[in-house]
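Novice: Below is the structure I would like to discuss, written out as structure tokens.
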Amino acid sequence: MVGGEYSLGRFPVTRMRRNRRDDWNRRLVAENMLSAADFILPSFVHDSDVGREDIPSLPGIQRHSISALVDLAGEAKELGIPVLAVFPATDPALKDAAGSESVNPENLVCRAVRAVKDAHPDLGVMCDVALDPFTDHGHDGLLRDGYVVNDETLEVLVRQAVVQADAGCDVISPSDMMDGRVGAIRSALDDASHDAVRIMAYSAKYASALYGPFRDAVGSAPNLAGSSKKTYQMDPANSDEALREVAMDIAEGADMVMVKPGLFYLDIVRRVKDEFGVPTYAYQVSGEYAMMKGAGLNGWLDWDRVIMESLLAFKRAGADGVLTYAATEVASRLKKG
Ligand code: PBG
């Protein structure tokens, strides 16, 4: 198709390898590149004096005390990373069926956001809206007879969004996949004078097997006990459905949309970007990071090269940015040049 359509020439006059011959030439013809401004750094905070606690299924990534998180935020800021996403590992004793701790203005994530924004007002801070870090059943919403109910859940989610915005969160990121959440959250934020707070919707979020290490990190895996999220997250078989989800979130007021997971879903990223042309992000989720990092630690893959190649793939697919656990590592490598 390419040759026919463009009639760009024919061998031996046209030699595609000429432009690949030298480093300067490869850089000159590069269609995409990575910069620190492409990254959102997901981070974990816990209520503990232990500054940094390793997460075994996410090698190299830690849960942070609030003060260690403030340091991490400073590091990200220094490297030119625009946004820090904060996820709480809630004390199991505070979890209940209603996820009540999610709407406590003094909860861990709100205290963490306040501390980070106090120390680094110019760094963007983003928070998930979903109940899974706070429920004793590990689901993103309220359970009634084993089913996650939509409209009742929305009432809690809007309150969660407002307490997080009150704490100073710049970007609210609904990750629960309830119907109508973006519109409900937008109007609740506006009513609470938070019209400047942005919404990055997890619009096309799939019921993926790649979230395991994240659930270990926030401690929701034991709560969930193998129960699936298939009644609210999308079926990996579907693609057109993602476009409907994105269209609805944009209509409801989303400022930015996200596809999650990342690498297995780059076709969706491309379709979303082509169809809507809105700021489009992808989440390189915990399982993706763990696969590459684990292979690297075993000596089976060259981690340094694989992570760069994977992140470039997001840009090529049309993403405007990527949530990646490798953000600081890669940004510092880019800085060194
Ligand atoms: C919470 C949430 C999840 C992730 C981000 N927000 C887990 C889930 O939906 O079960 C996963 C992120 C990752 O795996 O890195 N709703």
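Novice: Any idea which of (1) assigned to a helix (DSSP H, G or I); (2) in contact with a strand residue (DSSP E or B) (Cβ under 8 Å, 6 or more places away or on another chain); (3) away from the ligand (no atom under 13 Å from the Cβ) is the one Tyr289 doesn't satisfy?
Specialist: Checking Tyr289 against (1) assigned to a helix (DSSP H, G or I); (2) in contact with a strand residue (DSSP E or B) (Cβ under 8 Å, 6 or more places away or on another chain); (3) away from the ligand (no atom under 13 Å from the Cβ), the one that fails is (3).
Novice: Determine the pairs where a residue that is closer than 10 Å to Ala204 by Cβ and assigned to a strand (DSSP E or B), located within segment 225-241, has a partner that is among the basic types (Lys, Arg) and within 11 Å of the ligand (Cβ to nearest atom) with Cβ atoms under 7 Å apart, the partner being 6 or more residues away or on another chain.
Specialist: Met234/Lys205
Novice: Within segment 160-195, can you find the residues that are free of Cβ contacts under 8 Å to residues at least 12 places away in the same chain and outside any helix (DSSP H, G or I)?
Specialist: Ser193, Asp195
Novice: Which of the residues spanning segment 219-235 are closer than 22 Å to Val158 by Cβ and modelled with pLDDT of 95 or more? Let's see the steps before the verdict.
Specialist: If we filter segment 219-235 for residues that are closer than 22 Å to Val158 by Cβ, which is where we start, we get 220, 229, 231-233.
Within segment 219-235, Lys229, Thr231, Tyr232, Gln233 qualify.
Novice: Moving on. Looking at Val257, Val246, Val269, which is the one that is part of a helix (DSSP H, G or I), within 15 Å of the chain's Cα centre (by Cα) and more than 13 Å from the ligand (Cβ to nearest atom)? Step through it out loud before you land on a result.
Specialist: Details: Val257 fails: part of a helix (DSSP H, G or I); Val246 fails: within 15 Å of the chain's Cα centre (by Cα).
Criteria check complete, one pass: Val269.
Novice: Follow-up question, since we're still on this one. Restricting to segment 143-175, give me the number of residues that are farther than 15 Å from Ser193 by Cβ and either buried (at least 20 other Cβ atoms within 10 Å of the Cβ) or not small (Gly, Ala, Ser) (or both). Steps first, please.
Specialist: In the first step, residues of segment 143-175 are kept if they are farther than 15 Å from Ser193 by Cβ; the result is 143-157, 159-160, 171, 173-175.
From the residues that got through so far, the ones that are either buried (at least 20 other Cβ atoms within 10 Å of the Cβ) or not small (Gly, Ala, Ser) (or both) too are 143-145, 147-157, 159-160, 171, 173-175.
Number of matching residues: 20.
Novice: Looking at Ala225, Ala209, Ala221 in this structure, which one is surrounded by fewer than 19 Cβ atoms within 10 Å (Cβ to Cβ), within 21 Å of Val322 (Cβ to Cβ) and aliphatic (A, V, I, L, M)?
Specialist: On the way: Ala225 fails: within 21 Å of Val322 (Cβ to Cβ); Ala221 fails: within 21 Å of Val322 (Cβ to Cβ).
Selected residue: Ala209, the only one of Ala225, Ala209, Ala221 that is surrounded by fewer than 19 Cβ atoms within 10 Å (Cβ to Cβ), within 21 Å of Val322 (Cβ to Cβ) and aliphatic (A, V, I, L, M).
Novice: How do the strands (runs of 3 or more DSSP E) wholly within segment 14-65 filter down when requiring 3 or more residues that are open to solvent by 20 Å² or more (accessible area, probe 1.4 Å): which remain? Talk me through it step by step, then tell me what you get.
Specialist: Working: elements: 39-46, 52-54, 62-64.
Once the strands (runs of 3 or more DSSP E) in segment 14-65 are filtered for at least 3 residues that are open to solvent by 20 Å² or more (accessible area, probe 1.4 Å), what remains is 52-54.
Novice: Here's another thing I want to ask about it. Which residue pairs have Cβ atoms closer than 7 Å, lie 6 or more positions apart in sequence or on different chains, and pair a first residue in segment 14-38 that is without any contact (Cβ under 8 Å) to a residue 24 or more places away in the chain with a second residue that is part of a helix (DSSP H, G or I) and of a type in the set (A, V, I, L, M)?
Specialist: Hits for this filter: Asn19/Val29.
Novice: Could you go through segment 108-120 and let me know if any residue there is touching a helix residue (DSSP H, G or I) at 6+ places or on another chain (Cβ under 9 Å) and not in a helix (DSSP H, G or I).
Specialist: For segment 108-120, residues touching a helix residue (DSSP H, G or I) at 6+ places or on another chain (Cβ under 9 Å) and not in a helix (DSSP H, G or I): present.
Novice: Can you give me the number of residues within segment 125-152 that are away from the ligand (no atom under 12 Å from the Cβ), in contact (Cβ under 8 Å) with a residue 12 or more places away in the chain and not hydrophobic (A, V, I, L, M, F, W, C)? Reasoning before the result, please.
Specialist: Within segment 125-152, the first condition is being away from the ligand (no atom under 12 Å from the Cβ), and the residues that meet it are 125, 136-137, 142-147, 149-152.
Now narrow it down to the ones that are in contact (Cβ under 8 Å) with a residue 12 or more places away in the chain: 125, 136-137, 142-143, 147, 150-151.
Among the residues that remain, those that are also not hydrophobic (A, V, I, L, M, F, W, C) are: 136-137, 147, 150-151.
Residues that pass the stated criteria total 5.
Novice: Would you mention how many residues in segment 252-276 are more than 19 Å from Ala37 (Cβ to Cβ) and either free of Cβ contacts under 8 Å to residues at least 24 places away in the same chain or among the acidic types (Asp, Glu) (or both)?
Specialist: Result for segment 252-276: 4.
Novice: What's the total number of residues in segment 205-240 that are aliphatic (A, V, I, L, M), touching a strand residue (DSSP E or B) at 6+ places or on another chain (Cβ under 9 Å) and away from the ligand (no atom under 13 Å from the Cβ)?
Specialist: The qualifying residues number 0.
Here is a yes/no grid of residues against (1) closer than 21 Å to Ala221 by Cβ; (2) among the β-branched types (Val, Ile, Thr); (3) open to solvent by 50 Å² or more (accessible area, probe 1.4 Å):
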position	(1), (2), (3)
Glu106	no, no, yes
Arg111	no, no, yes
Lys117	no, no, no
Asp122	no, no, yes
Asp128	yes, no, no
Gly141	yes, no, no
Asp179	no, no, yes
Ile185	no, yes, no
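Novice: Quick check on my filter: what residues within segment 287-337 are over 20 Å from the mean Cα position of the chain (by Cα) and farther than 23 Å from Gly74 by Cβ?
Specialist: Result: Gly294, Ala295, Gly296, Leu297, Asn298, Gly299, Trp300, Leu301, Asp302, Trp303, Asp304, Arg305.
Novice: Also, I was wondering about something else. Given the structure, is Leu84 of a type outside the set (Val, Ile, Thr), assigned to a strand (DSSP E or B) and within 16 Å of the ligand (Cβ to nearest atom)?
Specialist: When the stated conditions are applied, Leu84 passes them.
Novice: Filter segment 326-337 down to the residues that are open to solvent by less than 10 Å² (accessible area, probe 1.4 Å) and either assigned to a loop (DSSP other than H, G, I, E, B) or among the small types (Gly, Ala, Ser) (or both) and list them by number.
Specialist: The answer is Ala326, Ala327, Ala331.
The values are calculated or read from the model by the stated rules, or taken from the named source; none is laboratory data. Since the structure is predicted, the reported quantities are computational estimates derived from the model, not experimental observations. Counting neighbours? That spans all protein chains shown, and the Cβs are built from the backbone with ideal geometry, glycine included. With ligands, DNA and RNA removed, areas are computed over all heavy atoms of the protein, side chains included. Shrake-Rupley method; radii C 1.70, N 1.55, O 1.52, S 1.80 Å.
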